[in-house]
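Report on the structure given below.
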Amino acid sequence: MIDVSEQNDGTVSLLTLNRTPVNAFTAEGLNVLRGTFRQIEVDKRIRAVVITAHGPRFFSAVGQFYIGANKKACDA
């Protein structure tokens, strides 16, 4: 899950990853993040984006994104 909140006067968007214990990305989470960035892109007030996470760790690896994909095509 990704929580989105604005900080200060609305010019900074704070995106918080909330998928403990390591805040690993999933295909669904990436789609949520993509949609969130599209919303931020059209809001001309937002000048900066800060990405943070709940918990002490973060993990991301290319291998976890092979979900439903042809691995050979991804390696090309």
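The values are calculated or read from the model by the stated rules, or taken from the named source; none is laboratory data. It should be emphasised that the depicted structure is a prediction, and the values quoted were computed from it without experimental measurement. Because the Cβ atoms are built from the backbone with ideal geometry, glycine has one as well, and the counts that use them run over all protein chains shown.
Assorted remarks:
- If you go through segment 27-48 and pick out every residue that is without any contact (Cβ under 8 Å) to a residue 12 or more places away in the chain and basic (Lys, Arg), you end up with 3.
- Checking Ile2 against (1) over 10 Å from the mean Cα position of the chain (by Cα); (2) modelled with pLDDT under 70, the condition it does not meet: (1)
- Some residue of segment 52-67 being at pLDDT 65 or above and part of a strand (DSSP E or B): yes
- Of all residues in segment 24-34, those satisfying the criterion of being out of contact with any Lys or Arg (no Cβ under 8 Å at 6 or more places or on another chain), assigned to a helix (DSSP H, G or I) and either of a type in the set (Lys, Arg) or surrounded by 12 or more Cβ atoms within 10 Å (Cβ to Cβ) (or both) are Ala27, Leu30, Val32, Leu33, Arg34.
- Candidates Arg45, Arg19, Arg38 - the one that is surrounded by 12 or more Cβ atoms within 10 Å (Cβ to Cβ), charged (D, E, K, R) and at pLDDT 75 or above: Arg19
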